[in-house]
1. I'd like to know if the range 95-114 contains one or more residues that are within 16 Å of the chain's Cα centre (by Cα), of a type in the set (Gly, Ala, Ser) and over 22 Å from residue 149 (Cα atoms).
2. Give the range 167-176 a look and list any residue that's surrounded by 13 or more Cβ atoms within 10 Å (Cβ to Cβ) and hydrophobic (A, V, I, L, M, F, W, C), or say none.
3. Which residue out of 178, 151 is acidic (Asp, Glu), out of contact with any strand residue (DSSP E or B) (no Cβ under 9 Å at 6 or more places or on another chain) and at pLDDT 85 or above?
4. Do the conditions hold for residue 86, that is, is it closer than 30 Å to residue 190 by Cβ, surrounded by 13 or more Cβ atoms within 10 Å (Cβ to Cβ), out of contact with any helix residue (DSSP H, G or I) (no Cβ under 8 Å at 6 or more places or on another chain) and not acidic (Asp, Glu)?
5. Give all pairs with beta carbons closer than 7 Å in which a residue from the range 175-198 that is part of a helix (DSSP H, G or I) meets a residue that is among the hydroxyl-bearing types (Ser, Thr, Tyr); count only pairs at least 6 apart in sequence or on separate chains.
6. Which of the residues spanning the range 196-206 are exposed (fewer than 13 other Cβ atoms within 10 Å of the Cβ) and either aliphatic (A, V, I, L, M) or on the phi > 0 side of the Ramachandran plot (or both)?
Amino acid sequence: MQAVSAQMFIVSAPSGAGKTSLVRQAISDLDDLAVSVSHTTRAPRSGETEGVDYYYTSRESFEQMIDDDQFLEYAEVFGNYYGTSVGSVQTCLNAGSDVILEIDWQGAKQVRKKLDDVVSIFVLPPSRATLIERLKGRGQDSEETIERRTEEAVTEMKQYHRADYLIINDDFEQALAELKGVILAHRVTKPRQALRHAGLITNLTH
């Protein structure tokens, strides 16, 4: 799918692990790094922007995209579809930008079935107590919802072994350094460097 000069990364984590904050900061700190914007059939929430938070589409259009095999991965959650389109990812990759997909382990499994050259990263909290504290700290959910999200998080965390890299988000700066370290290390692999600096290498070796 992508040229060797750009890399696709998958970052997965349970709710409350701090994945989104880590990804946003990594994108702010590093050049040529973008997060893939997903499609969804749910309505925009207050403050959300088309093309930034999601691409909002009708259920009919989404299902037509499924029929046309336009998604790397998709799922139906609480009556709404969410999916990563091939087109939106390819646009970033064609521009030479590395792309991060923030998706759960099931979505990651779908992507891996379609693509070989994908680097997956799993983020875990330092403890279950910290996870619950972070969920409560949002101040958005009832105790019942927090309990349900905690149960879902435990199910999600059991899938950590599927990833290539594991980051424990105890200290944010340390976790951020590790995430950026994975990305930067993959930028200097021999195939990518050979393509990016083909002219230089030719001048040096001939």
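The values are calculated or read from the model by the stated rules, or taken from the named source; none is laboratory data. Remember, it's a predicted structure, so these values are computed and weren't measured experimentally. Reconstructed Cβ throughout: ideal geometry from the backbone, glycine too, with neighbour counts over all protein chains shown.
1. Yes; the residues of the range 95-114 include at least one that is within 16 Å of the chain's Cα centre (by Cα), of a type in the set (Gly, Ala, Ser) and over 22 Å from residue 149 (Cα atoms).
2. First, the residues of the range 167-176 that are surrounded by 13 or more Cβ atoms within 10 Å (Cβ to Cβ): 167-170, 175-176.
Scanning the range 167-176 gives 167, 168, 175, 176.
3. Details: 178 fails: out of contact with any strand residue (DSSP E or B) (no Cβ under 9 Å at 6 or more places or on another chain).
Being acidic (Asp, Glu), out of contact with any strand residue (DSSP E or B) (no Cβ under 9 Å at 6 or more places or on another chain) and at pLDDT 85 or above holds for just one of 178, 151, which is 151.
4. Details: closer than 30 Å to residue 190 by Cβ: yes; surrounded by 13 or more Cβ atoms within 10 Å (Cβ to Cβ): yes; out of contact with any helix residue (DSSP H, G or I) (no Cβ under 8 Å at 6 or more places or on another chain): yes; not acidic (Asp, Glu): yes.
Yes, satisfied.
5. These pairs meet every condition: 182/165; 192/5; 195/5; 196/5.
6. From the range 196-206, those exposed (fewer than 13 other Cβ atoms within 10 Å of the Cβ) are 197-200, 202-206; that's our starting set.
Within the range 196-206, 198, 200, 204 qualify.
Condition check ((1) surrounded by fewer than 14 Cβ atoms within 10 Å (Cβ to Cβ); (2) among the small types (Gly, Ala, Ser); (3) over 13 Å from residue 12 (Cα atoms); (4) in contact (Cβ under 8 Å) with a residue 40 or more places away in the chain) across all residues:
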site	(1), (2), (3), (4)
108	no, yes, no, yes
114	yes, no, yes, yes
121	no, no, no, yes
125	no, no, no, yes
131	no, no, yes, yes
143	yes, no, yes, no
147	yes, no, yes, no
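Here is a yes/no grid of residues against (1) of a type in the set (Ser, Thr, Tyr); (2) loosely packed, with under 13 Cβ neighbours inside 10 Å; (3) farther than 30 Å from residue 185 by Cα:
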{"site": "42", "(1), (2), (3)": "no, no, yes"}
{"site": "47", "(1), (2), (3)": "no, yes, yes"}
{"site": "51", "(1), (2), (3)": "no, yes, no"}
{"site": "67", "(1), (2), (3)": "no, yes, yes"}
{"site": "73", "(1), (2), (3)": "no, no, no"}
